[in-house]
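Undergrad: Handing you a structure now.
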Amino acid sequence: MSAIFKSGNTAVITGGASGIGLALAKRCAAAGMKVLVADRNAALLAAVPAVVGPAAVPFEMDVGSAADWERLKAAVAADLGGRVTLLALNAGVGGVRALSLASPEAPDAFRRVLDTNLMGVVNGLAALLPIVRETAAAPDRPAAVVVTGSKQGITNPPGNPAYNASKAAVKALAEHLAYDLRDTPVGVHLLVPGWTWTGLGGGAAGVLRDGGAAGSAKPAAAWWPEQVVEFLEAKMAAGQFWVLCPDNEVSEPLDRRRMLWSAGDAVEGRKPLSRWRDEYKDEVAEWMKQ
């Protein structure tokens, strides 16, 4: 997969005008790739050519709209020569925290989140996966699909059920995709960031490590988006599906302990979301020390 980031290759990145998507677009452009940067934020898209360079093609769209994906397919044909070496399905929204499932607003909130976080992936695969596979059919031209998930889609912390559900579904979809493409030259990678200083992570929507946008100071515990992209590239080169990013506060071993505890709720017959329940507090603390 190290062959993905090289001159002459092409990329489509959704949610590409800020955060991790923008950092990935910069990495692709630095490698000599042409990049179609898709986003629904017109103001951020307007700044993309100056930040990424002339290799970037801004494209305004809503990933939840199948019609917009048809427009994007036409742009791939016109601007990328009908080839997609890297498809990064990264667009996401954060949902409504502390939303009660009994709330009258819940159905609309879930639709908004699922339309972007889940259907943005489903629509993207339906529109572009055939092109990715055709691109990878050329000799020595492997391709890759990167799907951005979330640790909340694995450990399911209370407080944001719409977002958690969307990312749990994305994880399941990415696992199936990796299985379906197991004997092809298309790599599949589930990117699971840690705390990253982006719009979703609490920072300014377009914040960059080199000071490209104004915003509050990054906390010491958070990673920059560029660090996530560096970690992703290393895992892609190693052929890893799981790209479970640490940050400056949560290590990879601690992440694994949290995920194992969450899986243990079903295996051990504990109450759901036991990690956050008072009656399991001491047991959880002891488990995390191991």
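For every residue, the table says whether it meets (1) without any contact (Cβ under 8 Å) to a residue 60 or more places away in the chain; (2) touching a Gly at 6+ places or on another chain (Cβ under 7 Å).
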position: Ser100; (1), (2): yes, no
position: Asn117; (1), (2): yes, yes
position: Gly120; (1), (2): no, yes
position: Val132; (1), (2): yes, no
position: Ala144; (1), (2): no, yes
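Undergrad: Residues that are assigned to a helix (DSSP H, G or I) and closer than 26 Å to Leu190 by Cβ: does segment 83-99 have at least one?
TA: No; the residues of segment 83-99 include none that is assigned to a helix (DSSP H, G or I) and closer than 26 Å to Leu190 by Cβ.
Undergrad: Is at least one residue of segment 127-145 over 18 Å from Val243 (Cα atoms), at pLDDT 95 or above and in contact with an Asp or Glu (Cβ under 8 Å, 6 or more places away or on another chain)?
TA: Within segment 127-145 (the criterion being over 18 Å from Val243 (Cα atoms), at pLDDT 95 or above and in contact with an Asp or Glu (Cβ under 8 Å, 6 or more places away or on another chain)), the answer is yes, since at least one residue qualifies.
Undergrad: Looking at Ala178, Ala169, which one is surrounded by fewer than 19 Cβ atoms within 10 Å (Cβ to Cβ), in the same structural domain as Val96 (by TED's automatic domain parsing) and in contact with a helix residue (DSSP H, G or I) (Cβ under 8 Å, 6 or more places away or on another chain)?
TA: That would be Ala169, the only listed residue that is surrounded by fewer than 19 Cβ atoms within 10 Å (Cβ to Cβ), in the same structural domain as Val96 (by TED's automatic domain parsing) and in contact with a helix residue (DSSP H, G or I) (Cβ under 8 Å, 6 or more places away or on another chain).
Undergrad: Which residues, taken from segment 159-184, are at pLDDT 95 or above and not in a helix (DSSP H, G or I)?
TA: Leu181, Arg182, Asp183, Thr184
Undergrad: Okay, next question. Can you report the number of residues in segment 45-65 which are farther than 19 Å from Asp115 by Cα, in contact with a strand residue (DSSP E or B) (Cβ under 9 Å, 6 or more places away or on another chain) and of a type outside the set (Gly, Ala, Ser)?
TA: 6
Undergrad: Okay, moving on. Which one of these does Asp140 not meet: (1) in contact (Cβ under 8 Å) with a residue 24 or more places away in the chain; (2) in a helix (DSSP H, G or I)?
TA: Among (1) in contact (Cβ under 8 Å) with a residue 24 or more places away in the chain; (2) in a helix (DSSP H, G or I), the lone unmet condition for Asp140 is (2).
Undergrad: Are any residues in segment 2-50 part of a helix (DSSP H, G or I), aliphatic (A, V, I, L, M) and without any contact (Cβ under 8 Å) to a residue 40 or more places away in the chain, and if so, which ones?
TA: Correct list: Ala25, Ala29, Ala30, Ala42, Ala43, Leu45, Ala46, Val48, Ala50.
Undergrad: Could you grab me the full set of residues in segment 262-287 that are in contact (Cβ under 8 Å) with a residue 40 or more places away in the chain and either surrounded by fewer than 12 Cβ atoms within 10 Å (Cβ to Cβ) or in a helix (DSSP H, G or I) (or both)?
TA: Matches in segment 262-287: Ser262, Arg275, Trp276.
Undergrad: Do you know which residues across segment 102-117 are buried (at least 16 other Cβ atoms within 10 Å of the Cβ) and either outside any helix (DSSP H, G or I) or polar (S, T, N, Q) (or both)?
TA: Thr116, Asn117 - these are the residues of segment 102-117 that are buried (at least 16 other Cβ atoms within 10 Å of the Cβ) and either outside any helix (DSSP H, G or I) or polar (S, T, N, Q) (or both).
The values are calculated or read from the model by the stated rules, or taken from the named source; none is laboratory data. Since this is a predicted model, take the numbers as computed values, not measurements. Ideal geometry is used to build each Cβ from the backbone, glycine not excepted, and the neighbour counts take in all protein chains shown.
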